[in-house]
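Peer 1: Take a look at the following structure, please.
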Amino acid sequence: MVGAHRTDDPAWPGDVLARIEERRQEYVDLLIDYVSRPSVSASGEGVADVAHYIRDRMEAFGLDTRLIPTAGAPMVFGQRTGAGGPTLLLYGHYDVQPADPADGWTSDPFTPVIRDGRVYARGAADNKGQHLAQLLAVEAFLSCHGQLPCDVKVLLEGEEEIGSPRMPEFVAEHGDLLAADLVVVSDGPVDPSGRPMISLGVRGALGFELRATGANTELHSGHWGGVAPDPVWDLVQLLATMKDARGHVTIDGFYDEVQPLTAAEREALERLEIDVPAIKRDLGFDELAEPRERGVAERRVAWPTLTINGLHAGYDGPGLKSVLPREAVAKCDIRLVEAQRADDVFAKVSAHVKRHAPHVTVTRRGSMEPSRTPIDFPYLEPVRRAIVAAQGQEPVLWPGIGGSLPLYVFTKTLGVPTVQVPCGNADQSQHGPDENLTLDWFMAGIRTTAVLLAELGRHTDARPGPESS
Ligand SMILES: [Zn+2]
């Protein structure tokens with residue numbers, strides 16, 4: 001699959017790819033060593049040690065590297081500049097999820113084992129194996145040529161699995177250090193089909209809680225029902241004013257900032273092969289949520305949602321209890337799409353609650369802005385070509401995915417186009433027991449980054465000129 005057909009191409013780093021193949025065992029050993037070291041951000045276990053460990057590795061690979069302290073886990077920053085051309089910024093995280101449920105693992109989560117061509121260990125795919133693959137491409141290039149074809153920067157954080165609390169401020173304060181032309185993030189699984197994928201965006205998220213209260217104690221529903229205020233009805237009626245039966249969110253101005261898909265984005269969505277009957281079968285439902293005519297991919301990429309994550313009130317024990325509850329609570333989240341802003345949408349939610357149920361309190365519970373890189377940005381083609389050349393398959397292009405990651409710190413705070421190019425098998429069991437990374441994907445990740453560096457090195461012309469800023 002390492003394409004002989006490209007040997008006439010100056011951007012095809014055949015010698016580097018040959019070096020990567022030669023060093024396969026050495027690279028796998030490095031992966032095993034890395035994932036044998038716990039770095040659990042939820043508990044703090046091993047995080048500082050692993051920050052030093054990967055800093056030392058990056059230094060040995062040929063990057064100028066340093067640890068930058070934050071109020072939490074340190075950032076690991078490395079760079080190799082001087083090559084000119086576009087600057088590639090690689091972002092990943094050296095922390096991992098806790099290993100629980102511990103009894104779900106076939107082997108110890110921090111004693112890596114290779115079975116059937118896969119490394120089983122916590123962090124193998126999420127995210128140590130994937131960013132190590134990127135770093136090893138840099139190592140392979142430098143060991144062959146003593147220089148890189150383009151400038152490379154690397155930022156690894158140690159708190160991604162607890163929500164990246166330091167990233168917004170860190171990136172805002174280190175704009176010069178992190179200045180780049182393209183950010184590539186290799187995290188998460190590839191397309192469910194098993195094909196490589198490129199994703200250009202993520203939705204944002206806004207959490208909030210609605211709390212309705214009645215009397216200062218629970219009451220007898222016969223004596224006091226119809227007399228004392230009923231917080232459960234208050235809350236249910238408020239919720240019913242927020243979304244209609246057609247799935248349309250009826251909060252004033254909710255869709256004001258939602259932008260229509262461009263023709264190119266719509267085309268990309270149409271090319272995605274989503275097996276809706278299989279989804280229904282797997283998840284055990286008969287019909288998609290309203291509006292039924294809207295495609296699944298379009299929903300995830302282009303439309304915001306309002307979900308009631310939890311609804312709590314009153315008696316839920318055996319039999320019946322004739323009680324009038326004193327309180328009702330709804331926990332909700334909104335997934336935001338490009339151009340919506342969490343502050344603005346929260347203000348609209350608050351205004352809606354004030355108008356329809358002034359006695360209900362609304363409390364904000366965290367948020368993250370959405371991120372979207374335009375589909376016509378200048379480096380999509382080099383990324384696509386690198387994947388095809390290194391993996392022998394055309395990637396699936398997602399204009400965005402439904403979930404949320406703090407990529408806006410790159411696209412919005414730094415103004416740099418950002419793509420997700422995962423190099424981890426679709427069945428990696430991310431966050432679950434028996435997390436694993438196939439050695440094929442690990443090696444594919446190294447090759448893909450190596451070809452990408454070469455592609456970027458000859459794509460100085462893709463860099464926007466001063467007049468087009
Ligand atoms: Zn994760």
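Peer 1: Consider Arg80 against the criteria (1) farther than 21 Å from Leu452 by Cα; (2) in contact with an Asp or Glu (Cβ under 9 Å, 6 or more places away or on another chain); (3) of a type in the set (Lys, Arg): it satisfies all of them except one. Which criterion is unmet?
Peer 2: Tallying (1) farther than 21 Å from Leu452 by Cα; (2) in contact with an Asp or Glu (Cβ under 9 Å, 6 or more places away or on another chain); (3) of a type in the set (Lys, Arg), Arg80 fails exactly one: (1).
Peer 1: Given the conditions (1) exposed (fewer than 15 other Cβ atoms within 10 Å of the Cβ); (2) part of a strand (DSSP E or B), report the number of the one that Leu306 does not fulfil.
Peer 2: Exception for Leu306: condition (1).
Peer 1: May I pose another question? In this structure, does Ala133 turn out to be at pLDDT 95 or above, assigned by TED's automatic domain parsing to the domain that holds Ile20 and among the small types (Gly, Ala, Ser)?
Peer 2: yes
Peer 1: What number of residues in the stretch 263-308 are closer than 30 Å to Glu218 by Cβ and modelled with pLDDT under 95?
Peer 2: 0
Peer 1: Now, a different point. Report, by residue number, each residue of the stretch 417-457 that is crowded, with 24+ Cβ neighbours inside 10 Å and β-branched (Val, Ile, Thr).
Peer 2: Answer for the stretch 417-457, where residues must be crowded, with 24+ Cβ neighbours inside 10 Å and β-branched (Val, Ile, Thr): Thr418, Val421, Ile446, Thr448, Thr449, Val451.
Peer 1: When you scan the stretch 212-222, do you find a residue that is touching an Asp or Glu at 6+ places or on another chain (Cβ under 8 Å) and either more than 30 Å from Val353 (Cα to Cα) or within 16 Å of the ligand (Cβ to nearest atom) (or both), even just one?
Peer 2: Scanning the stretch 212-222, I find no residue that is touching an Asp or Glu at 6+ places or on another chain (Cβ under 8 Å) and either more than 30 Å from Val353 (Cα to Cα) or within 16 Å of the ligand (Cβ to nearest atom) (or both), so the answer is no.
Peer 1: Sticking with this one: Considering only residues that are away from the ligand (no atom under 16 Å from the Cβ) and among the acidic types (Asp, Glu), look in the stretch 88-121 and name the one that is surrounded by the most Cβ atoms within 10 Å (Cβ to Cβ).
Peer 2: Residue satisfying both the conditions and the ranking: Asp108.
Peer 1: Could you say which residue among Ile375, Ile387 is in contact with a helix residue (DSSP H, G or I) (Cβ under 7 Å, 6 or more places away or on another chain), within 28 Å of Arg266 (Cα to Cα), more than 16 Å from the ligand (Cβ to nearest atom) and part of a loop (DSSP other than H, G, I, E, B)?
Peer 2: Checking each option against the conditions leaves just Ile375.
Peer 1: Could you please tell me which pairs satisfy a Cβ distance under 7 Å, a separation of 6+ or placement on different chains, a first residue in the stretch 187-199 that is farther than 20 Å from Glu381 by Cβ, and a second residue that is within 16 Å of the ligand (Cβ to nearest atom) and of a type in the set (A, V, I, L, M)?
Peer 2: Within 7 Å, the pairs are Pro189/Ala426; Pro192/Ala426; Gly194/Ala426.
Peer 1: For the stretch 253-297, name all the residues that are on the phi > 0 side of the Ramachandran plot and surrounded by 13 or more Cβ atoms within 10 Å (Cβ to Cβ).
Peer 2: The answer is none; no residue qualifies.
Peer 1: With of a type in the set (D, E, K, R), farther than 30 Å from Ala228 by Cβ and not assigned by TED's automatic domain parsing to the domain that holds Val184 as the only criterion, which of Lys354, Lys331, Lys348 stands out?
Peer 2: Residue meeting the stated conditions: Lys348.
Peer 1: Right, another one. Looking at the stretch 236-252, can you tell me whether even one residue there is outside the structural domain of Asp333 (by TED's automatic domain parsing), β-branched (Val, Ile, Thr) and not in a strand (DSSP E or B)?
Peer 2: The answer is no, given that none of the residues of the stretch 236-252 is outside the structural domain of Asp333 (by TED's automatic domain parsing), β-branched (Val, Ile, Thr) and not in a strand (DSSP E or B).
Peer 1: Answer yes if at least one residue in the stretch 345-368 is more than 30 Å from Gly214 (Cα to Cα) and touching a residue at least 12 places away in the same chain (Cβ under 8 Å), and no otherwise.
Peer 2: Yes.
Peer 1: All but one of (1) at pLDDT below 95; (2) within 16 Å of the ligand (Cβ to nearest atom) hold for Pro422; which doesn't?
Peer 2: For Pro422, the failing item is (1).
Peer 1: Can we say Ala51 is surrounded by 19 or more Cβ atoms within 10 Å (Cβ to Cβ), outside any loop (DSSP other than H, G, I, E, B), away from the ligand (no atom under 16 Å from the Cβ) and not acidic (Asp, Glu)?
Peer 2: Yes: the conditions hold for Ala51.
Peer 1: Follow-up. Can Gln130 be described as over 16 Å from Val416 (Cβ atoms) and away from the ligand (no atom under 16 Å from the Cβ)?
Peer 2: No.
Table: residues versus (1) in a loop (DSSP other than H, G, I, E, B); (2) within 30 Å of Pro112 (Cβ to Cβ).
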| position | (1), (2) |
| --- | --- |
| His359 | yes, no |
| Gly366 | no, no |
| Glu394 | yes, no |
| Val419 | no, yes |
| His431 | yes, yes |
| Leu437 | no, yes |
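The values are calculated or read from the model by the stated rules, or taken from the named source; none is laboratory data. Just so you know, these numbers come straight off a predicted model, no measurement behind them. Here Cβ is always computed from backbone atoms with ideal geometry, including for glycine, and neighbour counts include all displayed protein chains.
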